[in-house]
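Student: Before I ask anything, let me first share the structure, which is written out below as structure tokens.
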Amino acid sequence: MTRLLFAVSALAIAASPAFARDQIRIVGSSTVYPFTTAVAEAFGKATGMKTPVVESTGTGGGFKLFCEGVGENFPDFSNASRAIKKSEFETCAKNGVTDIVEIKVGFDGLTVASAASAPDVNFTKQQIFMALAKQVPDKDGKLVDNPYKMWNEIDPSLPAQKIEVLGPPPTSGTRDSFVELVMEKGAEAFDSLKAMKKEDAKAFEGVWKSIRTDGAYVEAGENDNLIVQKLEANPNAYGIFGFSFLEENEGKIKGAKIEGVAPSFETVSDASYKVARPLFIYAKKQHVGTVPGMAEFVAEYTSGKAMGDEGYLADKGLIPLPADQAGAAADVAKNMTTLTADKVM
Amino acid sequence: MSNNALVKKRYAAERRFKAYGLAAIGVTTAFLLFLILDIAIKAMPTFFVHEATLTVNVDPALIDAANPVAGDYLGLTKKALAAQFPDVTSRGDRKALNGILSAGAADGLQQRVLADPSLIGKDVTVPVALNSGADLYLKGYATAQLSDRQKAWLDALLEKGVISKGFAWNFLLNGDSREPELAGIKGALIGSVLTIIVTLALALPLGVAAALYLEEFAPKNWLTDVIEININNLAAVPSIIFGLLGLAVFLNIFGVPRSTPLVGGLVLALLVLPTIIIASRAALKSVPPSIKEAALGVGASHQQAVFHHVLPLAIPGILTGTILGVARALGETAPLLMIGMIAFIVDVPKGFTDAATVLPVQVFLWSDLPEQAFQSRTAATIILLLLVLFAFNALAIYLRKRFERRW
């Protein structure tokens with residue numbers, strides 16, 4: 001017994017000295033995770049350095065860790081499915097993380113999809129808002145609890161199906177993007193709500209951010225594969241998830257047109273499909289030189305064989321940047337141009 | 001009611017109860033069978049893999065003998081594949097043809113050449129990995145990843161006997177990867193083992209010492225009661241709380257490195273400690289007091305009586321409790337989220353302070369990736385995890401039977 005106790009304390013002592021880090025550490029968005037991991041692996045193979053550790057913490061959780069400080073106990077990169085917020089940037093600055101490099105790496109399209117056997121549909125953002133918002137304006141522009149049960153009650157051109165949409169829960173970055181890209185724009189299509197936005201922006205935000213809870217919108221968890229499986233089983237339902245899942249399950253499910261444009265590699269890339277968001281990685285410039293491989297990793301990420309039209313990230317479902325933006329991203333990566341306070345919103 | 005009718009009624013009640021019981025067992029078994037069958041069917045594609053066997057000419061122009069690491073092995077492999085289809089010449093077609101290869105197609109070749117540099121300039125016959133889409137197609141699954149031409153090429157290679165099916169060693173021998181055909185569970189398995197070693201080394205001695213003291217030596221007063229109640233409550237605390245505690249104490253105060261088996265083991269040790277203390281106390285309590293009293297009667301001290309007689313008799317019960325506690329720790333993911341073990345880690349951990357992940361976390365990570373082939377890897381990992389847990393439980397039963405004494 002005493003010997004065992006001894007062994008335990010020896011173990012504890014052996015672990016306590018500060019470790020010198022020779023491995024890049026990355027935290028952040030679960031949406032960017034599949035892409036950053038691919039780059040990390042390619043980087044490890046190409047350079048012979050240790051493969052970076054990539055944690056999937058969510059965008060907000062990632063920034064929290066990233067902004068905690070400078071030093072080997074804090075991550076070198078943060079993945080993000082949205083741009084850094086002013087509050088996060090300020091937290092960073094307060095903790096001494098002053099030199100942040102923002103690199104836009106590509107786009108992720110959000111799709112509203114259904115089983116391949118379901119009828120083709122063409123939604124407008126306004127229709128999606130009417131189907132999913134907790135409160136919608138009635139004929140006189142007064143807000144009432146959402147009365148719609150069937151799609152064709154919203155617009156006769158839509159199928160006579162019960163409204164049933166499977167989507168991510170409020171903790172998800174995908175949900176944040178969905179409400180911002182679809183629900184907010186859908187709400188603005190109503191004159192009464194547009195007027196409300198001018199008068200009382202807070203109340204307006206409450207309207208488009210609130211999704212109905214009477215069963216028409218089903219929170220299906222963070223796992224997009226699960227939503228795909230449920231759609232296959234139920235041709236009357238629609239699901240909301242990232243474009244890469246649509247591409248990977250082609251033949252089983254199909255994406256609905258939004259504002260007349262069907263989601264595809266080309267339409268997201270040229271921005272004609274409007275429900276898409278940029279993806280970012282943020283680098284801590286202060287770690288360049290202390291943690292080996294920082295510059296090489298960024299170079300690998302922005303290289304043509306990774307981020308380009310035919311690169312391996314495109315194979316993984318990332319939608320590449322148009323040529324001018326890709327060039328700009330490569331420049332930022334090469335010069336490690338830091339983010340200034342006036343560029344953060 | 002006559003006596004006879006009452007008896008009949010009682011028999012009927014008993015029969016009904018038996019039927020309910022059977023139905024309950026039937027439903028549970030059906031659920032379990034359905035679950036296991038579903039997982040097993042989904043896992044099938046993972047255990048076997050199609051590989052092409054190609055003869056590659058290790059061209060000294062592409063592989064510099066002075067620096068063989070930097071050679072273009074993938075280029076050589078692509079050339080060898082192109083040699084199988086001399087009529088495929090246009091750049092676009094060649095690209096499509098190369099599309100059936102895995103990103104790690106040349107890994108085997110590279111290892112061979114690095115191990116034996118004399119192969120440079122010679123012809124080497126090596127197995128070449130196909131990508132997961134090609135593998136799925138050859139197994140007869142629908143896949144959207146391949147064009148009809150690529151499918152025709154694969155059929156042709158199969159006919160020529162270039163492609164063969166074998167056991168997927170990659171799955172057992174590789175670390176994690178973003179290419180499904182290269183991804184394996186070795187990293188997670190070793191991570192699990194290292195984590196459990198730390199957990200056991202900490203929780204077993206602490207738990208047994210605490211149980212011994214509380215059961216045999218502690219004065220019976222209100223303080224002991226408070227400690228007892230708290231230990232019992234601790235056993236029911238949700239596991240994520242232990243993760244938060246680990247983040248606050250081990251990572252932020254003591255500066256233990258993040259994502260390592262060391263910190264994972266520490267957190268899981270806290271998690272199983274109450275379970276071990278409760279099980280050990282129950283085992284100590286079940287030793288008949290007459291044995292201890294006899295030892296005291298012949299002049300042994302209290303400590304001698306406990307260590308020489310009570311503890312050895314309680315060991316089977318303590319071990320069973322410990323193993324069940326460890327089996328629980330082995331299946332936990334929630335507390336590891338907070339301490340950074342939910343991560344993509346390619347390199348197989350070599351020690352307690354290397355970044356690592358564990359089996360249930362690997363299940364969680366793979367289940368969320370879009371590639372079809374990862375779905376079957378998820379199921380296969382679940383099966384492996386179940387086997388490990390099954391082995392642990394079998395060990396607990398064996399130990400109990402082996403050392404059990406009756407009085």
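Student: Tell me, yes or no, whether region B:102-121 has at least one residue that is touching a Gly at 6+ places or on another chain (Cβ under 6 Å) and not assigned by TED's automatic domain parsing to the domain that holds B:Ile342.
Tutor: Taking region B:102-121 and keeping what is touching a Gly at 6+ places or on another chain (Cβ under 6 Å), we get none.
Looking through region B:102-121, none of the residues is touching a Gly at 6+ places or on another chain (Cβ under 6 Å) and not assigned by TED's automatic domain parsing to the domain that holds B:Ile342.
Student: Give just the number: which of (1) within 14 Å of chain B (Cβ to nearest Cβ); (2) surrounded by 23 or more Cβ atoms within 10 Å (Cβ to Cβ); (3) aliphatic (A, V, I, L, M) does A:Val105 not satisfy?
Tutor: That leaves (1) as the condition not met.
Student: Same structure again: Could you grab me the full set of residues in region B:181-198 that are under 17 Å from the mean Cα position of the chain (by Cα) and more than 11 Å from every other protein chain (Cβ to nearest Cβ)?
Tutor: Answer for region B:181-198, where residues must be under 17 Å from the mean Cα position of the chain (by Cα) and more than 11 Å from every other protein chain (Cβ to nearest Cβ): B:Gly184, B:Ile185, B:Lys186, B:Ala188, B:Leu189, B:Ile190, B:Gly191, B:Ser192, B:Val193, B:Leu194, B:Thr195, B:Ile196.
Student: Separate question: Among what's in region A:154-180 and is part of a helix (DSSP H, G or I) and of a type outside the set (Lys, Arg), pick the residue that is nearest to A:Gly242 (Cα to Cα).
Tutor: As a first pass, look at region A:154-180 and keep what is part of a helix (DSSP H, G or I): A:154, A:173-180.
Next, only the ones that are of a type outside the set (Lys, Arg) stay: A:154, A:173-174, A:176-180.
Working: A:Ile154: 25, A:Gly173: 11, A:Thr174: 8, A:Asp176: 13, A:Ser177: 11, A:Phe178: 10, A:Val179: 14, A:Glu180: 15 Å.
Among them, the one singled out is A:Thr174.
Student: Where in region A:192-257 are there helices (runs of 4 or more DSSP H), lying fully within it, with 3 or more residues that are within 14 Å of chain B (Cβ to nearest Cβ) and surrounded by 15 or more Cβ atoms within 10 Å (Cβ to Cβ)? Lay out the reasoning, then the answer.
Tutor: Details: elements: A:201-209, A:224-233, A:243-248.
Per the criteria, A:224-233, A:243-248.
Student: So if I check each of A:Asp324, A:Asp309, A:Asp342, A:Asp331, which one is modelled with pLDDT under 85 and assigned to a helix (DSSP H, G or I)?
Tutor: Working: A:Asp324 fails: modelled with pLDDT under 85; A:Asp309 fails: assigned to a helix (DSSP H, G or I); A:Asp331 fails: modelled with pLDDT under 85.
It is A:Asp342.
Student: Next question. How many residues does region B:247-295 hold that are more than 10 Å from chain A (Cβ to nearest Cβ), of a type in the set (Gly, Ala, Ser) and under 23 Å from B:Ile342 (Cα atoms)?
Tutor: 2
Student: Could you please give the count of residues in region A:31-83 that are polar (S, T, N, Q), over 20 Å from A:Ser303 (Cα atoms) and without any contact (Cβ under 8 Å) to a residue 60 or more places away in the chain?
Tutor: Final tally of qualifying residues: 3.
Student: Hey, another quick one. Which condition does B:Leu386 not pass, out of (1) at pLDDT below 90; (2) not in a loop (DSSP other than H, G, I, E, B), if it passes all the others?
Tutor: (1)
Student: OK, next. List pairs: first in region B:111-125 and of a type in the set (Gly, Ala, Ser), second assigned to a strand (DSSP E or B) and surrounded by 12 or more Cβ atoms within 10 Å (Cβ to Cβ), Cβ under 9 Å, 6+ apart or cross-chain?
Tutor: Taking only residues 6 or more apart or on different chains, the pairs are B:Gly121/B:Asn57.
Student: Here is a list of conditions, (1) hydroxyl-bearing (Ser, Thr, Tyr); (2) in the same structural domain as A:Ala306 (by TED's automatic domain parsing); (3) in contact with a strand residue (DSSP E or B) (Cβ under 8 Å, 6 or more places away or on another chain); (4) modelled with pLDDT of 90 or more, and A:Thr98 meets all of them except one; can you say which number that is?
Tutor: Unmet for A:Thr98, out of (1) hydroxyl-bearing (Ser, Thr, Tyr); (2) in the same structural domain as A:Ala306 (by TED's automatic domain parsing); (3) in contact with a strand residue (DSSP E or B) (Cβ under 8 Å, 6 or more places away or on another chain); (4) modelled with pLDDT of 90 or more: (3).
Student: May I pose another question? Step by step: first the residues of region B:149-177, then only those that are outside any helix (DSSP H, G or I) and without any contact (Cβ under 8 Å) to a residue 24 or more places away in the chain, then the one that is farthest from the other protein chains (Cβ to nearest Cβ). Which residue is that?
Tutor: Initially, region B:149-177 is screened for residues outside any helix (DSSP H, G or I), giving B:161-168, B:174-177.
Then drop every residue that is not without any contact (Cβ under 8 Å) to a residue 24 or more places away in the chain, which leaves B:161, B:174.
Values: B:Gly161: 29, B:Asn174: 11 Å.
Among those that are outside any helix (DSSP H, G or I) and without any contact (Cβ under 8 Å) to a residue 24 or more places away in the chain, it is B:Gly161.
Student: Looking for whichever is surrounded by 19 or more Cβ atoms within 10 Å (Cβ to Cβ), more than 9 Å from chain B (Cβ to nearest Cβ) and under 18 Å from A:Leu339 (Cβ atoms) here; the options are A:Glu68, A:Glu88. Which one fits? Talk me through it step by step, then tell me what you get.
Tutor: On the way: A:Glu68 fails: surrounded by 19 or more Cβ atoms within 10 Å (Cβ to Cβ).
The match here is A:Glu88.
Student: Restricting to region A:42-64, name every residue that is closer than 19 Å to B:Thr357 by Cβ and either touching a strand residue (DSSP E or B) at 6+ places or on another chain (Cβ under 8 Å) or not in a helix (DSSP H, G or I) (or both).
Tutor: Those that are closer than 19 Å to B:Thr357 by Cβ and either touching a strand residue (DSSP E or B) at 6+ places or on another chain (Cβ under 8 Å) or not in a helix (DSSP H, G or I) (or both): A:Lys50, A:Thr51, A:Pro52, A:Val53, A:Val54, A:Glu55, A:Ser56, A:Thr57, A:Gly58, A:Gly61, A:Gly62.
Student: Same structure, new question: When you look at A:Val182, is it within 30 Å of B:Trp366 (Cα to Cα) and more than 14 Å from every other protein chain (Cβ to nearest Cβ), yes or no?
Tutor: Working: within 30 Å of B:Trp366 (Cα to Cα): yes; more than 14 Å from every other protein chain (Cβ to nearest Cβ): yes.
Yes; evaluated as a whole, the condition is true for this residue.
Student: Kindly check whether there is at least one residue in region B:216-238 that is surrounded by 15 or more Cβ atoms within 10 Å (Cβ to Cβ) and either under 30 Å from A:Thr51 (Cβ atoms) or within 13 Å of chain A (Cβ to nearest Cβ) (or both).
Tutor: No, the conditions are met nowhere in region B:216-238.
Student: Still on this model: Scan region A:21-41 residue by residue and report those that are within 9 Å of chain B (Cβ to nearest Cβ) and part of a strand (DSSP E or B).
Tutor: A:Arg25, A:Ile26, A:Val27
Student: Look at region A:127-153 and say how many of its residues are part of a helix (DSSP H, G or I) and crowded, with 20+ Cβ neighbours inside 10 Å.
Tutor: 7
Student: Does A:Met336 fit the bill of being at pLDDT 90 or above, in the same structural domain as A:Thr37 (by TED's automatic domain parsing) and touching a strand residue (DSSP E or B) at 6+ places or on another chain (Cβ under 8 Å)? Steps first, answer last, please.
Tutor: Numbers: at pLDDT 90 or above: no; in the same structural domain as A:Thr37 (by TED's automatic domain parsing): yes; touching a strand residue (DSSP E or B) at 6+ places or on another chain (Cβ under 8 Å): yes.
It is false that A:Met336 is at pLDDT 90 or above, in the same structural domain as A:Thr37 (by TED's automatic domain parsing) and touching a strand residue (DSSP E or B) at 6+ places or on another chain (Cβ under 8 Å).
Student: From the list B:Val298, B:Val306, B:Val346, which residue is of a type in the set (A, V, I, L, M), more than 23 Å from B:Ile36 (Cα to Cα) and free of Cβ contacts under 8 Å to residues at least 12 places away in the same chain?
Tutor: On the way: B:Val306 fails: free of Cβ contacts under 8 Å to residues at least 12 places away in the same chain; B:Val346 fails: free of Cβ contacts under 8 Å to residues at least 12 places away in the same chain.
Criteria check complete, one pass: B:Val298.
Student: Could you tell me whether region B:370-383 includes any residue that is more than 10 Å from every other protein chain (Cβ to nearest Cβ) and charged (D, E, K, R)?
Tutor: Checked against the condition, which is being more than 10 Å from every other protein chain (Cβ to nearest Cβ) and charged (D, E, K, R), region B:370-383 yields at least one hit.
Student: Further question: Run B:Gly265 past the list (1) within 29 Å of the chain's Cα centre (by Cα); (2) surrounded by fewer than 21 Cβ atoms within 10 Å (Cβ to Cβ); (3) touching a residue at least 60 places away in the same chain (Cβ under 8 Å) and report the number of the one that doesn't hold.
Tutor: (2)
Student: Let me ask another. Can you name the residue in region B:77-96 that is touching a helix residue (DSSP H, G or I) at 6+ places or on another chain (Cβ under 7 Å) and hydrophobic (A, V, I, L, M, F, W, C) and, of all such residues, is nearest to A:Gly311 (Cα to Cα)?
Tutor: B:Ala96
The values are calculated or read from the model by the stated rules, or taken from the named source; none is laboratory data. Source: prediction; values computed, not measured. Glycine gets a Cβ as well: all are built from the backbone with ideal geometry, and neighbour counts include every protein chain shown.
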